1. Can you tell me which of S354, S350 is crowded, with 18+ Cβ neighbours inside 10 Å, under 21 Å from the mean Cα position of the chain (by Cα) and modelled with pLDDT of 90 or more?
2. Looking at the range 211-235, which of its residues are assigned to a strand (DSSP E or B) and open to solvent by less than 60 Å² (accessible area, probe 1.4 Å)?
3. Identify, please: which residue in the range 165-190 is assigned to a strand (DSSP E or B) and open to solvent by less than 50 Å² (accessible area, probe 1.4 Å) and is, among those, farthest from V99 (Cα to Cα)?
4. Exactly one of these conditions fails for G133: (1) buried (at least 21 other Cβ atoms within 10 Å of the Cβ); (2) on the phi > 0 side of the Ramachandran plot. Give me its number.
5. Between S238, S208, S270, which is among the polar types (S, T, N, Q) and open to solvent by 20 Å² or more (accessible area, probe 1.4 Å)?
6. Going through the range 279-315 one residue at a time, which ones are at pLDDT below 90, surrounded by fewer than 24 Cβ atoms within 10 Å (Cβ to Cβ) and among the hydroxyl-bearing types (S, T, Y)?
7. What residue, of T142, T152, is in contact (Cβ under 8 Å) with a residue 12 or more places away in the chain and either among the aliphatic types (A, V, I, L, M) or open to solvent by less than 20 Å² (accessible area, probe 1.4 Å) (or both)?
8. Can you confirm whether the range 253-262 contains a residue that is in contact with a His (Cβ under 6 Å, 6 or more places away or on another chain) and either open to solvent by 10 Å² or more (accessible area, probe 1.4 Å) or within 25 Å of S312 (Cβ to Cβ) (or both)?
Amino acid sequence: AAGGAAMAEGRAKPGGLLHAGSIADTASSAAEPTDRLTVCPSLVLAGHNQKKAVCKAVFVGNGDKVLTASHDGTAKLFDAQSGACCQTFEGHAGPVLWVAASPDGARAVTGSADRTARIFDLATGRCEGTLEGHGGQVTMATFSPDGSKVLTAGTDRYARLFNAKSGECERKFKGHTQSLYSAMFSPDGRKVLTASHDKTAKLFDVESEEAEQTFEGHKAHVYVASFASDGRLVITASADMTARVWNASNAHNIAVFEDEGDGVYTACFSPDGSKVLTANNDGKARAFDAQTGALERTFEGHLLAAHSAAYSPDGSRVLTVGDDRSARLYDANTGECRASFEFHGDHAYSACFSPDGCLVLTASSVGIIQ
């Protein structure tokens, strides 16, 4: 995931429902006052056990399909236009914590609390391989840019690289002293970036397995670490109430973004890499200059904590989701709220744009059909 892609996928806490809402008609509201918001309709994608958490939701390919992962032990493939469930991927012996699609949109990889990852064929639903070796939960799994490898992160402190065809573990990335929250490839696929509960992020070389850089300075666990689109910069978000931008080649800390509340939940680059966007417990998202750390824009409106924030693919809009049962769409340049996506029942925890920027996908803790 590069640039804004660090947040181009929905990851949720408890919930059994997902909502795909259209934002194509919000452009007409751009000149309206902020107290006259467009409330967008949504399509419910139902099928998981509604008493179990939906942990992950992501668009596939051009955005016509949606992949989900649930604590009910399955992953599912939905049609984004009709809401119909196309496939159910079964076989895990525990909650499915993560799901990602291959670059060609033909396969999915899942990560589970059962200590394994699995590769599935999206067309047939067949499991093509089980990736074993972790001594703890697999918290994240993703394909390499060319689709030939799978990278996993585990609570056992390690990231592992598997051959996507044979299922063989080819690399084991060591060095962290506590659980990993995330692991991702650099845009060129030659490096691996990890984020850990041990308050650090690390950069590994894929061929040598060596840790080339350690990004140190956070005073609490690092939720996420991701690359800018050109791979030269790294951003980290931490429970110490800061986000940081680093030079990937030498781990120099370029800027620190201080926020309010009890931690920065997410941080991502704008598509062009010039801005950093954060979401925080105080219900606000903030945009900073990536080089200087100067605060440029504050996106307000949520009554409770904002759990995620993302740029649209063209960088013109910002999408946030909060504990107040809503997602909000803002003008990235002015900070004005242009539309809202409202939910019944409990909290909505995450939201993301489709690749063309016309759809929004949310995952919710709601346990009712809507």
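The values are calculated or read from the model by the stated rules, or taken from the named source; none is laboratory data. Since this is a predicted model, take the numbers as computed values, not measurements. In this analysis, Cβ positions are derived from the backbone assuming ideal geometry, glycine residues included, and neighbour counts consider all displayed protein chains. Surface accessibility is based on the protein's heavy atoms, side chains included, excluding ligands, DNA and RNA. Shrake-Rupley method; radii C 1.70, N 1.55, O 1.52, S 1.80 Å.
1. Numbers: S350 fails: modelled with pLDDT of 90 or more.
Answer to the selection: S354.
2. So in the range 211-235, the residues assigned to a strand (DSSP E or B) come out as 211-215, 222-227, 233-235.
Across the range 211-235, the qualifying residues are A211, Q213, T214, F215, V222, V224, A225, S226, F227, L233, V234, I235.
3. Step one: list which residues in the range 165-190 are assigned to a strand (DSSP E or B), which gives 169-173, 180-185.
Then drop every residue that is not open to solvent by less than 50 Å² (accessible area, probe 1.4 Å), which leaves 169, 173, 180, 182-185.
Numbers: C169: 19, F173: 21, L180: 16, S182: 13, A183: 13, M184: 13, F185: 16 Å.
The qualifying residue farthest from V99 (Cα to Cα) is F173.
4. The failed condition is (1).
5. Values: S238 fails: open to solvent by 20 Å² or more (accessible area, probe 1.4 Å); S270 fails: open to solvent by 20 Å² or more (accessible area, probe 1.4 Å).
So the residue among S238, S208, S270 that is among the polar types (S, T, N, Q) and open to solvent by 20 Å² or more (accessible area, probe 1.4 Å) is S208.
6. T292, the sole residue that qualifies.
7. Details: T142 fails: either among the aliphatic types (A, V, I, L, M) or open to solvent by less than 20 Å² (accessible area, probe 1.4 Å) (or both).
Only one candidate passes the filter, namely T152.
8. Restricting attention to the range 253-262, the residues satisfying the condition of being in contact with a His (Cβ under 6 Å, 6 or more places away or on another chain) are none.
No: zero hits.
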